[in-house]
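Below is one structure, written out as C-alpha cells, with a few remarks after it.
None of the figures in this text is laboratory data; all of them are computed from the coordinates on show. Please read these numbers as outputs of a predicted model, since none were measured by experiment. So basically every Cβ, Gly included, is an ideal-geometry build from the backbone, and we count neighbours across all protein chains shown.
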Amino acid sequence: MDADEAVGGDGPEWTGVVSERLRCCVCGGPTDGAEDYVLVELTAQFSGTRQWLGAHAEHLNSVWAEGFSVEVHQM
C-alpha cells in the first residue's frame, strides 16, 4: 500500500488527488491493484492548467528518456 491508498472494508481503496485510479497512459490497461501505480501531474506554467496521468512505473521507465526513472517505495 502506498501513501495514496487507505485500507477500506474490502481492502485498499484509492484516496489520491483524483477520484479513482486512472488507466495506464502507456499500455492503456487497468491499474487497480497494481503495486507500481504512479500518478503524474503535468502543469502549464502560464495557464495554471493541470493534467493527471496514471501509469505503471515499469511502463513509464520503458518510454522515458535516458536519465529519468520512477521508483516506487512502499510506505
Q) Separation between the residue 58 and residue 17 pseudo-spin-labels, each 7 Å from Cα along Cα→Cβ, expressed in nm? A) 2.6
Q) Which residues' amide hydrogens lie under 5 Å from the amide hydrogen of residue 24, considering only partners 5 or more residues apart or on another chain, with H built in the peptide plane? A) 29, 31
Q: Just order 57-63, 41-47, 26-32 by mean Cβ neighbour count inside 10 Å, highest at the front, would you?
A: 57-63, 26-32, 41-47
